[in-house]
1. So which of A126, A173, A162, A122 ends up being part of a helix (DSSP H, G or I), open to solvent by 40 Å² or more (accessible area, probe 1.4 Å), at pLDDT below 90 and not acidic (D, E)?
2. Run R56 past the list (1) over 29 Å from H193 (Cβ atoms); (2) touching a Ser or Thr at 6+ places or on another chain (Cβ under 9 Å); (3) buried (at least 20 other Cβ atoms within 10 Å of the Cβ) and report the number of the one that doesn't hold.
3. Just one of R38, R56, R87, R96 is in contact (Cβ under 8 Å) with a residue 24 or more places away in the chain and at positive phi; which is it?
4. Looking at the stretch 90-108, is at least one residue surrounded by fewer than 20 Cβ atoms within 10 Å (Cβ to Cβ), in a helix (DSSP H, G or I) and modelled with pLDDT of 90 or more?
5. Return the pairs, sorted by first residue and then second, in which the second residue is of a type in the set (S, T, Y), the first residue lies in the stretch 5-32 and is open to solvent by 20 Å² or more (accessible area, probe 1.4 Å), the beta carbons are less than 6 Å apart, and the residues are 6+ apart or on different chains.
6. Give me the residue from the stretch 33-51 that is open to solvent by 20 Å² or more (accessible area, probe 1.4 Å) and under 25 Å from the mean Cα position of the chain (by Cα) and, out of that set, farthest from F121 (Cα to Cα).
7. Among the residues of the stretch 107-155, what is the count of those that are among the charged types (D, E, K, R), over 17 Å from the mean Cα position of the chain (by Cα) and under 27 Å from D64 (Cβ atoms)?
8. Return yes or no: is Q80 open to solvent by less than 60 Å² (accessible area, probe 1.4 Å), at negative phi and of a type in the set (S, T, N, Q)?
Amino acid sequence: MRTRDRETRERVLRSAAQLFADRGFKKVTVREICRAARANVAAVNYHFGDKGGLYREVLQLAIDTMRATSAAARVAGTGQSADDRLRRYIHVSLCRVIGDANASWISRLINREIADPTPAFATLVARGVRPRIDDLSAIVADIIGCSPTDERVLRCVARIHAQCVLFVPHPAASRLRSKLQLRSENIDGVAEHIADFSLAGIRAIASRSD
């Protein structure tokens, strides 16, 4: 593929990712995508076959990004205690948000799929979301000393993710939490706070009999 074609394909893919995340598959037109990408309207058919093919590529990009983040967190936690593995998981996840400011579209896309699922939703969950949930569940289960399928584990996992999602860049949310913006200079402190808060909560849950 020629350099110009590769650049056009990348612009179309990135523009489509943002638009699909903001408005969903059904409400975005090929013409709007190409206009945002500064590309000829035929670019979608040329590079992706049709709008459906483009959407599948966007989902694959989201899956690849999530899997790369999961892999980086596992590597960072290798040989560490369960507590430190949780700290590494949180830190890597937040660093990825800072490292790729445009990656916030992934969270929005997942929310769109939850609200209005397409046929590709099952693939997104199975290949992108579930591996991250499984990794975090294994860490929390080690801390509690129970099976990863224990209901307490899933509850803790949901709350840890909720804290991290708070810091994902979002135009509307940023107006409500202007003092909580995640920046490179405060990422260590934010990650440490989430980890400390989560570990205290997990231990409190573990100490209960139910």
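The values are calculated or read from the model by the stated rules, or taken from the named source; none is laboratory data. Only a predicted model underlies this, so the values are computations on that prediction, with no experimental measurement involved. Cβ atoms come from the backbone with ideal geometry, glycine included; neighbour counts cover every protein chain shown. The accessibility values were calculated without ligands, DNA or RNA, using every heavy atom of the protein model including side chains. Shrake-Rupley method; radii C 1.70, N 1.55, O 1.52, S 1.80 Å.
1. Working: A126 fails: at pLDDT below 90; A173 fails: open to solvent by 40 Å² or more (accessible area, probe 1.4 Å); A122 fails: at pLDDT below 90.
Unique residue meeting the criteria: A162.
2. Only one criterion in (1) over 29 Å from H193 (Cβ atoms); (2) touching a Ser or Thr at 6+ places or on another chain (Cβ under 9 Å); (3) buried (at least 20 other Cβ atoms within 10 Å of the Cβ) is unmet by R56, namely (3).
3. Numbers: R56 fails: at positive phi; R87 fails: at positive phi; R96 fails: at positive phi.
After applying the criteria, what remains is R38.
4. No, every residue in the stretch 90-108 fails to be surrounded by fewer than 20 Cβ atoms within 10 Å (Cβ to Cβ), in a helix (DSSP H, G or I) and modelled with pLDDT of 90 or more.
5. F25/Y55; F25/T118
6. Our first condition is that a residue be open to solvent by 20 Å² or more (accessible area, probe 1.4 Å); within the stretch 33-51, this holds for 35-36, 38-42, 45-51.
When the remaining residues are screened for being under 25 Å from the mean Cα position of the chain (by Cα), the result is 36, 48, 51.
On the way: A36: 25, F48: 19, K51: 16 Å.
Result: A36.
7. Our first condition is that a residue be among the charged types (D, E, K, R); within the stretch 107-155, this holds for 108, 112-113, 116, 127, 130, 132, 134-135, 142, 150-152, 155.
The next check asks that each one be over 17 Å from the mean Cα position of the chain (by Cα); those that pass are 116, 142, 150-152, 155.
Then drop every residue that is not under 27 Å from D64 (Cβ atoms), which leaves 116.
Qualifying residue count for the region: 1.
8. No.
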